[in-house]
Amino acid sequence: MALLEVVKLSKRFGQIVVADDINLELDVGECVGVIGPNGAGKSSLFGMISGILKPDSGNIRLNGEDITFLSTSKRARLGIGLAFQIPKPFAGLTVYENVFAAASFGGQMSAAKARSKSLEVLERTDLAPIGNALAGSLTLLNRKRLELAKALALNARLLMLDEIGAGLTEREVMRLVETIAALKSEYAIIWIEHIAHALKAVADRIVVLDFGRKLLDSHPDEVMNSTVVKKIYMGLGVEEHH
């Protein structure tokens, strides 16, 4: 049994179909990248798995438990951690305090456990040296790392990354890729991203969405070289579509 099972998930807004009978499985130790043009349904799929958006039909199971209509807070306690494209830390708190708050309130840990978890997470995301810095003073790369750290602090088993590489320089993207790659063996990761080479460096499979339909779900090289993907991006190689 996979950690995450998405079965025949569908959603529409009026005549606009954002998810059309989507199936997806993911287990610990796997990273699945999700690509597609604007409006393909990537954010809607992210929203339905995370609980931000309710599907019209289909089921979502986490470790065998049906979570289709659970709240985002309950899903967080069951092990789903989210890292968004635009980080929104508590700017007036330190890096450590931001992570501690996530562990205490989101993860509902005792103070002692939250402290231990926070220190562990800061080490794993390369934030330990600046744990006492105010979050509002961080560079964009470190704000992205903090976003990831807060997700990990929930005791997450499934990490959902929403264009976490957006806005970073090439060197910063690769440093973030190294951090995510180091986490992969212990987590299941869904990563929506436009930076194709970042996905290729980490993902075991890439899912291609278009108009709410899953067109491909295969090895990154096969997906990136497919005529389907090149057609979707209007003749551009995906490597060029940053």
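The values are calculated or read from the model by the stated rules, or taken from the named source; none is laboratory data. Worth saying up front: this structure is predicted, and the values here are computed from it rather than measured. When we count neighbours, we look across all protein chains shown, and the Cβ atoms used for this are built from the backbone with ideal geometry, even at glycine.
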- Does at least one position in segment 3-11 carry a residue that is surrounded by fewer than 21 Cβ atoms within 10 Å (Cβ to Cβ), β-branched (Val, Ile, Thr), touching a Lys or Arg at 6+ places or on another chain (Cβ under 8 Å) and free of Cβ contacts under 8 Å to residues at least 60 places away in the same chain? yes
By residue number, the members of segment 139-197 that are basic (Lys, Arg), touching a Leu at 6+ places or on another chain (Cβ under 8 Å) and touching a residue at least 60 places away in the same chain (Cβ under 8 Å) are Lys144, Arg157
Across (1) in contact with a strand residue (DSSP E or B) (Cβ under 9 Å, 6 or more places away or on another chain); (2) over 27 Å from Leu45 (Cα atoms); (3) crowded, with 18+ Cβ neighbours inside 10 Å, Gly92 clears everything bar (3)
Filtering segment 215-232 down to residues that are modelled with pLDDT under 85 and either on the phi > 0 side of the Ramachandran plot or touching a helix residue (DSSP H, G or I) at 6+ places or on another chain (Cβ under 8 Å) (or both) yields Lys230
Scanning segment 53-89 for residues that are exposed (fewer than 14 other Cβ atoms within 10 Å of the Cβ), part of a strand (DSSP E or B) and touching a residue at least 40 places away in the same chain (Cβ under 8 Å) gives Ser57
